[in-house]
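Peer 1: My questions all concern the structure below.
Read the figures in this text as sums done on the coordinates, not as results from a lab. Source: prediction; values computed, not measured. Here the Cβ is made from the backbone with ideal geometry for all residues, glycine too, and neighbour counts use every protein chain on show.
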Amino acid sequence: SFGDAEAQAEVRDNDRQYVFHSWSAQGKINPLPVAKGEGVRFWDYDGNEYLDFSSQLVNLNLGHQHPGLVKAIQDQAGRLATIQPSMANDARGELAKRIVEHSFEGARSVFFTNGGADANEYAIRMARHHTGRQKVLARYRSYHGSTATAITMTGDPRRWTNGVIDANIVHFFGPYQYRSEFYSETPEQETERALEHLEHTIQLEGPNTIAAIILETITGTNGVLVPTPGYLAGVRELCDKYGIMMICDEVMVGFGRVGEWFAYQAFDITPDLVTFAKGVNSGYVPLGGVVISEAIHDTFVERPFPGGLTYSGHPLACAAGIATFDIFEEEGILERVRDLGERVIAPRLAEFAEKHPSVGEFRGRGLFWALELVLDRETREPLVPFNAAGDAAAPMNAVVAACKDAGLSPFVHFNRLQIAPPLIVSEEDLVKALDIMDEALTVADGYYTG
Ligand code: PLP
């Protein structure tokens, strides 16, 4: 509890002594001991309060300790805590049904996994068996998870030192108007040229060898990159033309983040496979999965699917998933996400862009936005270099420190300050967080050289 110095010291000591942390040089980290979380807030042992504007790792869509989620897990634990995947279970079946019913037309079934990376592994495996092809096209500036195929598909520096674990992955560029690879001057040009680049990639790799194209419907960690108009429909067309499966990775943007059940629903496309995790139950119990089209499902009606997991469709996780659907309806989550995004965030970020020279661009949708911070608006030189660490990252670290000192825990990646609060955030807390960011941006302005 707050002020308990001994408890804090023990949490810290056990962590430093015994816990091996993700993505870290173990000797160079000092994780914050967290005493409590509630709604959009968490507290450290000294009683400092933080607004959680990263929703942890963009998974905490319904906030900390949502009573509906907690109760669903408690009830399920009291009834049947676990059951192996080859048996039928009420919670598992009910959640699969609800997910299919909220998915694309022609969605047939759900394979449950433990999280996002393995959802992508299994989606690829399904696409490979279904098509009899091996290659997969994935985009630069993407994150698909840390397991073998998922990390190889990842198009950011986290792949680099892991080497090539899956030799059948090829990377291509998606649309990114602000830093266009295609010298385009309009979003329409960006779409046309990005699709041309993708088709050339398909042709040069050999259309008959390509099982799937995987993409984050809206790129998450790598910059909240909203596809330019017509891009996703164009990818769908290319997939149809060459018999390639289209996989939407909705691990970060699914379940309400951008004001839709699934982000692809905002772009009017029908994927073949959709992967999800995080927001399906706000990560209260690990859960991910793959939504499977009728055609791919049919491939495995007579032929066994060669894959599985002990915890596929874990009842505790599924109970929290069902509660998520109920809470979304009861609290009108999708409507409020759209409303807060359009009415509160977008105009305020437009104001930031007028007021703060360091804001090169802002973009996003729903409760998912990025501010691209630059040293110079003309050259668009980022506030810190791509993949900056140590001293090179100092300007962004200073922005983060200004946020934290004022009680805001933000999501930052390279030169971007990103906004991803729990979807239950009140307008008052949202405005409070934006006020803190407004102040913190003056720190970024201090580095401006343009
Ligand atoms: N795909 C996307 C788009 C993600 O953002 C993430 C995690 O951040 C993953 C996949 C991997 O999910 P997990 O960490 O649950 O394996």
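Peer 1: For a quick check: sort L309, L137 by the number of other beta carbons within 10 angstrom, fewest at the front. Display every interim value, and only then the final one.
Peer 2: Values: L309 14, L137 23.
With the sparsest Cβ surroundings first, the list reads L309, L137.
Peer 1: If a/c stays under 1.5 just call it rounded; otherwise compare a/b with b/c (prolate if a/b is bigger, oblate if not). Do that for segment 1-64, with a ≥ b ≥ c from the square roots of the Cα gyration tensor eigenvalues.
Peer 2: On the way: a/c = 2.59, a/b = 1.21, b/c = 2.14.
Verdict is oblate for segment 1-64.
Peer 1: Please give me, ordered by residue number, the trypsin sites (Lys or Arg not before Pro) of segment 361-426 that lie in loop per DSSP and have at most 16 other Cβ atoms within 10 Å. List each step's numbers first, then the result.
Peer 2: Details: sites: R363, R365, R377, R380, K404, R416; in loops: R377, R380.
In loop regions of segment 361-426 (DSSP not H, G, I, E or B), the sparsely surrounded trypsin sites (Lys or Arg not before Pro) are R377, R380.
Peer 1: Is the shape of segment 48-126 best called rounded, prolate or oblate, per the rule: a/c under 1.5 gives rounded, else a/b larger than b/c gives prolate, else oblate, with a ≥ b ≥ c the square roots of the Cα gyration tensor eigenvalues? Before the final figure, lay out the partial values.
Peer 2: Working: a/c = 1.94, a/b = 1.30, b/c = 1.49.
Verdict is oblate for segment 48-126.
Peer 1: What longest range of the chain stays clear of loop-exposed GluC sites (Glu not before Pro) (DSSP non-H/G/I/E/B, at most 14 other C-beta within 10 angstrom)?
Peer 2: 186-377
Peer 1: Hey, another quick one. Going through the cross-link list K28/K278; K135/K241; K71/K432, which pairs have a Cα-Cα distance over 20 Å in this structure?
Peer 2: On the way: K28/K278 28 Å; K135/K241 16 Å; K71/K432 30 Å.
Pairs exceeding 20 Å: K28/K278; K71/K432.
Peer 1: Could you please state, rounded to a whole Å, how far the C-alpha centre of segment 135-168 is from the C-alpha centre of segment 18-36?
Peer 2: Computed from Cα coordinates, the inter-centre distance equals 25 Å.
Peer 1: Quick one: work out the % antiparallel among DSSP beta bridges in segment 68-330, nearest 5. Kindly include the intermediate steps, with their values, before the conclusion.
Peer 2: Working: 11 of 27 bridges.
Here the share of antiparallel DSSP bridges comes out near 40 percent.
Peer 1: Counting other Cβ atoms within 10 Å, keep those with at most 13, restrict to DSSP loop, and tell me which trypsin sites (Lys or Arg not before Pro) in segment 1-89 are left. Walk me through the numbers on the way to the answer.
Peer 2: Numbers: sites: R12, R16, K28, K36, R41, K71, R79; in loops: none.
Those that pass, being in a loop and sparsely packed, number zero.
Peer 1: Between D326 and D240, what length in nm is gained on full extension when 0.36 nm per residue of separation is reduced by their alpha carbon distance? Walk me through the intermediate numbers first.
Peer 2: Working: separation 86, 0.36 × 86 = 30.96 nm, distance 3.55 nm.
Between D326 and D240, full extension yields an extra 27.4 nm.
Peer 1: If contacts are Cα pairs under 8 angstrom and at least 6 residues apart, what is the relative contact order of segment 68-330 in percent? All intermediate terms of the calculation are to be shown ahead of the outcome.
Peer 2: Details: 502 pairs, mean separation 79.4, N = 263.
RCO, segment 68-330: 30 percent.
Peer 1: So for S86, S180, S24, fewest C-beta neighbours within 10 Å to most, what's the order?
Peer 2: Values: S86 7, S180 18, S24 10.
Final ranking by Cβ density, sparse to dense: S86, S24, S180.
Peer 1: Quick one: length gained pulling D268 to E294 fully straight, 0.36 nm per residue minus the C-alpha distance?
Peer 2: 7.5 nm
Peer 1: Could you please report the charge total around L375, scoring K, R as +1 and D, E as -1 over all other residues with beta-carbon less than 13 angstrom from its beta-carbon?
Peer 2: Once positives and negatives cancel, what remains is -3.
Peer 1: Further question on the same structure: For a quick check: sort Y50, Y176 by the number of other beta carbons within 10 angstrom, fewest at the front. Don't skip to the answer; put the middle values down first.
Peer 2: Details: Y50 20, Y176 23.
In increasing order of surrounding Cβ atoms, one gets Y50, Y176.
Peer 1: As an exercise, identify the chymotrypsin sites (Phe, Trp or Tyr not before Pro) in segment 1-39 lying in DSSP coil whose Cβ has no more than 10 other Cβ atoms within 10 Å. Provide the component values of the computation, followed by the final result.
Peer 2: Working: sites: F2, Y18, F20, W23; in loops: F2, F20, W23.
Hits after loop and neighbour filter: F20, W23.
Peer 1: Could you give the size of the charge dipole of segment 224-375 about its Cα centre, using +1 on the Cβ of each K and R and -1 on the Cβ of each D and E, expressed in debye and rounded to the nearest 20?
Peer 2: Values: 12 positive and 21 negative charges, 87 e Å.
Charge dipole, segment 224-375, about its Cα centre: 420 debye, nearest 20.
Peer 1: Considering only DSSP beta bridges whose two residues both sit in the chain, what percent are antiparallel, to the nearest 5? Mind showing how you got there, number by number?
Peer 2: On the way: 34 of 52 bridges.
Antiparallel bridges: around 65 percent, rounded to the nearest 5.
Peer 1: Further question on the same structure: Going from the alpha-carbon gyration tensor of segment 68-330, what semi-axes, largest first and in whole Å, does one get by taking the root of 5 times each eigenvalue? Display every interim value, and only then the final one.
Peer 2: Numbers: eigenvalues 196, 80, 55 Å².
After diagonalising the Cα gyration tensor, the semi-axes are 31, 20, 17 Å.
Peer 1: So between H197 and S24, what do we pick up on full extension, going 0.36 nm a residue minus the alpha carbon distance?
Peer 2: Details: separation 173, 0.36 × 173 = 62.28 nm, distance 3.55 nm.
Contour length minus Cα-Cα distance gives 58.7 nm.
Peer 1: Taking a ≥ b ≥ c as the square roots of the Cα gyration tensor eigenvalues, with a/c under 1.5 meaning rounded and otherwise prolate when a/b beats b/c, else oblate, which class fits the chain?
Peer 2: On the way: a/c = 1.59, a/b = 1.11, b/c = 1.43.
Oblate, because a/c is 1.5 or more while a/b does not exceed b/c.
Peer 1: Quote the FRET efficiency, to the nearest 0.05, computed for E351 versus R158 with a Förster distance R0 of 30 Å and r equal to the Cβ-Cβ distance.
Peer 2: Values: r = 34 Å, r/R0 = 1.13.
It comes to 0.35.
Peer 1: Only Cα pairs within less than 10 Å get springs; with that Gaussian network setup on the chain, which residue of V337, V301, V40 has the largest fluctuation?
Peer 2: Between V337, V301, V40, it is V301 that shows the largest mean-square fluctuation.
Peer 1: Given the C-alpha centroids of segment 288-341 and segment 38-72, what is the distance between them in whole angstrom?
Peer 2: Computed from Cα coordinates, the inter-centre distance equals 22 Å.
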